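Chemist: Before anything else, here's the structure in question.
Where a number appears in this text, it was derived from the coordinates with a stated rule and is not lab data. These numbers were taken from a predicted model, which means no experiment stands behind them. Here the Cβ positions follow ideal geometry from the backbone for every residue, glycine too, while neighbour counts run over all protein chains shown.
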Amino acid sequence: GINAEYGIDKKGQNTIDKAALSKWMEEAAIASQIGQDYVPYVKETRGSKFVKAEEKKEKTIYDDEFEKLLMEAEKQGGASVDDEDIDALAEILGASSLLGSVDISSCSRPGKETGLKSPIADARAEKVQAEVDMTETNDIEIEEALGQIKNNDASLATCCFNNVQMDAETVDSITSAMVRNTSVTKLEMCNCGVTDSAIEGFITLLQSNTTLQSLSLETNKIAGKFLVKLVQSLDTNETLKELRIANQYYSTGVGDEMAIAKALEKNTSLCKFSLNWKNGGSRNTADRFIMRNNDIARKKRQGLA
């Protein structure tokens, strides 16, 4: 600058005390108007952002599945998504406990286990599903109902034998008659004392009958390996939409549950299924197949398949 141009040799008049200056600036900053926000620097380790426990949301496979299915439904053929489709998606994602029993808040029965929660909890809030009362007296006349099944009575669409204890011969008579029946769409035999010996009759029924849409065998005495055979018989069935086999007297093993989940892959019509799952991996596998079947059913309703 000027000093260099004119050769002026000028020395500093005062020596700056840097430590004192820094201290003064810090005190001045603290005393200023924005000093209330002053926070001393503290070295911290890097990590994830702190989230309060009550604000945490459990991530499930259904969060992404719902958005994916909803977007696909809107794109297919330019069709709009109505309340019925949203209702079906709610069922797919657990609002009606597809992999559970009659308890809509749990995926298994009894309801001591925490069920899978739907991300659209209000979709079916007004539709309360009644539980099956296992203590209720059933006044059905077995012989009369059996005669109607054998005669293919068109007025008999739902046949409920719940809470009626039967011997093996009576159960076999019902399954044999159902093989050729084309009127009954719903057969309920919960808490009827059905045992392993009767499973072959139900297998023949599921492989032959093309009318039955719902079969309930909850609260009986069927062992896990026979439940596996029952589900495996569905590989050629294209009409059954609901199968309930939860709450058996004998608990299922992990191997049985894995075999059941694998067997569900071959069936494309079953949209509701109940079992007392103990293995989370098997339940998730079965869940994917049930969601796939519900999506297939939705496309058929919209004429897209």
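Chemist: Looking at the square roots a ≥ b ≥ c of the eigenvalues of the Cα gyration tensor of the range 164-305, which shape do they give, rounded for a/c under 1.5, prolate if a/b is larger than b/c, or oblate?
Modeler: Details: a/c = 2.09, a/b = 1.17, b/c = 1.79.
Oblate is the answer for the range 164-305, as a/c is 1.5 or above yet b/c matches or exceeds a/b.
Chemist: Let me ask another. Counting Lys and Arg as +1 and Asp and Glu as -1, what is the net charge of the other residues whose Cβ lies under 13 Å from the Cβ of I222? Kindly include the intermediate steps, with their values, before the conclusion.
Modeler: Values: positive: K221, K225, K229, R244; negative: D196, E200, E218, D256.
After counting each charged neighbour, the total is 0.
Chemist: In nm, what is the difference between 0.36 nm times the number of residues separating T211 and A20 and their Cα-Cα distance? Provide the component values of the computation, followed by the final result.
Modeler: Working: separation 191, 0.36 × 191 = 68.76 nm, distance 9.38 nm.
Gain on stretching T211 to A20: 59.4 nm.
Chemist: Under the rule a/c < 1.5 gives rounded, and otherwise a/b versus b/c splits prolate from oblate, where does the range 141-201 land using the Cα gyration tensor? Please list the in-between numbers first.
Modeler: Numbers: a/c = 1.84, a/b = 1.50, b/c = 1.22.
In terms of gyration-tensor shape, prolate.
Chemist: When Lys and Arg each count +1 and Asp and Glu each count -1, what net charge do the other residues less than 13 Å away from G253, Cβ to Cβ, add up to? Please list the in-between numbers first.
Modeler: Working: positive: K225, K278; negative: D256, E257.
Computed value for this residue: 0.
Chemist: Sort 270-283, 290-303 for me by packing, meaning the mean count of neighbouring Cβ atoms within 10 Å per residue, highest on top.
Modeler: On the way: 270-283: 20.0, 290-303: 17.1.
Top to bottom by mean Cβ count within 10 Å: 270-283, 290-303.
Chemist: Could you work out how much longer the chain between L156 and Y250 gets when fully extended? Use 0.36 nm per residue separation minus the Cα distance between them, nm to one decimal. Could you put the intermediate results ahead of the total?
Modeler: Values: separation 94, 0.36 × 94 = 33.84 nm, distance 3.22 nm.
Roughly 30.6 nm would be gained on extension.
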